[in-house]
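Comments concern the structure below.
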Amino acid sequence: NTVKEFLAVLEKRRLGVNFGTLVGHSTIRRSLLGQAIRDLTEGELATLAALVRQALAEGALGLSTGLGYNHARQTPMLEISRLLDVVKEMGGVYTTHLRNEREGIVDAVAETITASEAAGVPTIISHFRPIKGYEQQFATALRLIEETSGLVRFDGYPFDYSMMPVYTLLPEWAQIGTIETMLATLAEHDQHELFASFSQFTGDDLVIARAPGFDYLVGKTLKEYAASQEVTTPEGLLHLMKVTGLRAVLFHKNINVEVMLRALESEAAFVASNSPSLIESRNVIENERAAKTFSRFLKYAESSGKGIEWAVHKVTQEPAQKFKLKDRGVLKEGMIADVALLSIKDQRASHVFVGGAAVVSDGVIQEVYNGIILRHER
């Protein structure tokens, strides 16, 4: 129920990597309201703020919000601003998934900047990316971030695809409530209205990454799946949603990677894989971002002329400073030796040291568990 309890459980396990966490806004909000989506009363807001303060006191590095997802999309900025005052008080970091990444990306970035500047809280916009068709709006939003002189930054990755739960492809009016509620909505509404909203997908741009209970679907494009069912692409997407109970996960090739790479050169940019690291199994296909984000970024830095030193600084010292991680982020005597030796050519880690102990040697994972919990310190 609390960050303290969560980290205490983790400390009883052997960790192969260091671990730190933010506290999720929706995690706490839903523990108070359940699945209800409404404005909070003053008493509820005070309770929410107290729980965020407690979470940071117990070691959370900061607060995260997912304003682009159905449970938080309607959250008023008044609520976010109250919580950011707590984050400022506790000396934490704020990270956010934008409310809109497409036609409304400029307004979404502007509201984030306004709240961040009002509270004076260091902020990171998570997986800020140029969605195909909205590159001009992305460029305008990027300029707004750069004008904050470092208070607001963003992270991104050098790949052309997003990884998303299949329900996020529904129109916004259908993304209300629980998975069960959304399934009921699909059953009740006119299917042709849904098909019209699905027409933007070609079928080749969507690949099934995970489909619990339907392992044989993993790796197929939506177009291939629709063909196997002898239906159109929009009909195939709706069918996939229903048979997997909206629990499938898809790769969506919707990012202009050339624009993304140029954006990562910005002084406002961090690099983040935005990916879980999963044990390979039959029902999961490889997510390259989990393994190759940083080596690919280093390769780009070398080829673009920015230089390896510049790239290493961006992915080590800068984020360590942003999250106030003491004694980390610099290869120097007296600092904690968290070191990854990456092959730019092979795009793999040949050696990894965690706290000075070799956990990967010549590309082989060792039975060494030297990770610790990284806690917020004021």
Beyond a 21 Å Cα-Cα separation, which of these cross-linked pairs lie in this structure: Lys223/Lys253; Lys88/Lys326; Lys88/Lys322; Lys220/Lys242; Lys324/Lys345; Lys299/Lys332?
Lys324/Lys345; Lys299/Lys332
Expressed in square angstrom to the nearest 10, the accessible area of Lys314 with a 1.4 Å probe stands at 10
What FRET efficiency comes out for Ile365 versus Thr27 if R0 is 22 angstrom and r is the Cβ-Cβ distance? Round to the nearest 0.05.
0.10
Per the Kirkwood treatment, what hydrodynamic radius in Å, one decimal, follows for the chain from the mean inverse distance over all distinct Cα pairs?
22.4
Here the residues of segment 225-244 lying in the modelled label zone of Ile179, meaning backbone nitrogen under 11 Å from a point 7 Å along Cα-to-Cβ, are 244
For segment 294-378 (alpha-carbon point model, no solvent) the Debye-based log₁₀ I(q)/I(0) at q = 0.15, 0.19, 0.20, 0.21 Å⁻¹ works out to -0.63, -0.96, -1.04, -1.11
Quick calc, Asp215 & Gln321: beta-carbon distance into FRET formula, R0 35 Å, rounding 0.05, result 0.20
Highest first, please rank the peptides 57-67, 216-226 by the mean number of other Cβ atoms sitting within 10 Å of their residues.
57-67, 216-226
Could you tell me what % of all Cα pairs in segment 223-378 have separations over 26 Å?
44
For the chain, what does the helix formula give at 222 nm: sum of -39500 (n - 2.57) over DSSP H segments with n ≥ 4, over the residue count, nearest 500 deg cm²/dmol?
-12000 deg cm²/dmol
For segment 43-160, report the translational diffusion coefficient in µm²/s to the nearest whole number, using Stokes-Einstein at 37 °C, 0.692 mPa s, and a Kirkwood Rh over Cα pairs.
224
What does the extension gain come out to for Ile37 and Ile372, with contour length at 0.36 nm per residue minus their alpha carbon separation?
116.9 nm
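Can you tell me the dipole magnitude for segment 231-358 around its Cα centre, using point charges on the Cβ only (Lys, Arg +1; Asp, Glu -1), in Debye to the nearest 20?
220
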Rounded to the nearest 20 debye, dipole of segment 153-242 from Cβ charges on Lys, Arg, Asp, Glu
240
Which value in nm describes the separation of the simple spin-label points at Glu230 and Arg73, placed 7 Å from the Cα toward the beta carbon?
3.5
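With every protein chain kept in the model, how would you rank Arg99, Arg247 by accessible area, 1.4 Å probe, largest at the top?
Arg247, Arg99
As a test of reading the structure, rank Arg13, Arg82 by solvent-accessible area (1.4 Å probe, protein chains only), most first. Spell out each step's value before the answer.
Values: Arg13 165, Arg82 80 Å².
So the residues, ranked largest to smallest area, are Arg13, Arg82.
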Fraction in percent of alpha-carbon pairs per bin - 5 Å, segment 113-265:
2, 9, 16, 17, 15, 14, 11, 9, 5, 2, 0, 0
Given charges at beta-carbon only (K, R positive; D, E negative), |dipole| of segment 32-184 in Debye
160
Taking Rh as the Kirkwood radius computed over C-alpha pairs, what is the Stokes-Einstein D of segment 148-206 at 4 °C in a medium of viscosity 1.567 mPa s, expressed in µm² per second?
91
For Val243 the rounded accessible area (nearest 10 Å², probe 1.4 Å, non-protein molecules ignored) is 50
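The values are calculated or read from the model by the stated rules, or taken from the named source; none is laboratory data. Quick caveat, the model's predicted, so the values are computed rather than measured. Every residue, glycine among them, receives a Cβ derived from its backbone with ideal geometry; neighbour counts consider all protein chains shown. Surface accessibility is based on the protein's heavy atoms, side chains included, excluding ligands, DNA and RNA. Shrake-Rupley method; radii C 1.70, N 1.55, O 1.52, S 1.80 Å.
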